[in-house]
Amino acid sequence: MQTVWLTGAEWLAVLRIGLGLWWLESWRHKDKKGWFERGTGIAWAADVAAEHKWPQVKKGFDTVVAPRPKAMAYVVVYAELALGLGLVVGFLTPVALVGGLLLNLLYLVLMIHDWAEQGQNAMMALISLVALLAMSWQTWSLDSAIGLF
């Protein structure tokens with residue numbers, strides 16, 4: 001594959017690292033005190049789920065998230081941090097890509113009515129899929145350096 005400046009594999013690594021930085025920014029800008037102490041993130045998601053046009057979303061939220069709001073706040077916030085770090089350094093990259101893809105699809109379903117959120121989650125999911133199928137961990141990654149995948 002002919003490209004300008006970098007090889008195709010290096011461009012895929014750039015894409016993977018950029019996606020990781022996007023996850024890290026999502027983690028960085030969250031009001032952690034609000035999420036952990038006041039429950040603002042889960043309360044907001046509960047409001048969205050309650051008004052969702054698909055009843056399965058509210059039922060799923062009430063079954064999985066509502067009984068354990070504090071734990072789920074930590075899961076969401078630290079999942080974004082773990083995804084970002086894993087993708088930037090290329091550690092357990094396929095796991096991070098699948099996890100990120102699933103989280104973006106979950107966000108996509110939850111925010112079905114918000115077109116601004118849809119664009120971000122759709123792009124992140126697409127990048128995850130491309131990086132996964134193109135095995136972007138083969139270049140500039142700890143996975144490659146230690147022969148994990």
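Listing for the model above:
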item	result
The one condition in (1) within 30 Å of T139 (Cβ to Cβ); (2) open to solvent by 70 Å² or more (accessible area, probe 1.4 Å); (3) of a type in the set (A, V, I, L, M) that V75 fails to fulfil	(1)
Test: residue in the stretch 109-124 that is part of a helix (DSSP H, G or I), touching a Gly at 6+ places or on another chain (Cβ under 8 Å) and surrounded by 18 or more Cβ atoms within 10 Å (Cβ to Cβ)	yes
Qualifying residue in the stretch 36-46 (condition: more than 18 Å from L110 (Cα to Cα) and not acidic (D, E))	yes
Selected residue [open to solvent by 30 Å² or more (accessible area, probe 1.4 Å) and not β-branched (V, I, T)] from W44, W23	W44
Check on G99, modelled with pLDDT of 95 or more and closer than 13 Å to W23 by Cα	yes
Residue, nearest to the chain's Cα centre (by Cα), within the stretch 1-37, restricted to residues that are over 26 Å from L92 (Cβ atoms) and not aliphatic (A, V, I, L, M)	D31
Boolean, L133 is open to solvent by 20 Å² or more (accessible area, probe 1.4 Å) and touching a residue at least 12 places away in the same chain (Cβ under 8 Å)	no
Selection within the stretch 38-54 - over 22 Å from the mean Cα position of the chain (by Cα) and either under 14 Å from H113 (Cα atoms) or hydroxyl-bearing (S, T, Y) (or both)	A50, E51, K53, W54
Filter result for the condition that a residue is under 30 Å from L142 (Cβ atoms), small (G, A, S), modelled with pLDDT of 95 or more and in contact with a helix residue (DSSP H, G or I) (Cβ under 9 Å, 6 or more places away or on another chain), over G34, G18	G18
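The values are calculated or read from the model by the stated rules, or taken from the named source; none is laboratory data. In this text, all values refer to a predicted model and were calculated from it rather than measured experimentally. In this analysis, Cβ positions are derived from the backbone assuming ideal geometry, glycine residues included, and neighbour counts consider all displayed protein chains. When the accessible area is computed, the model is the full protein with side chains, heavy atoms only, and any ligands, DNA or RNA have been set aside. Shrake-Rupley method; radii C 1.70, N 1.55, O 1.52, S 1.80 Å.
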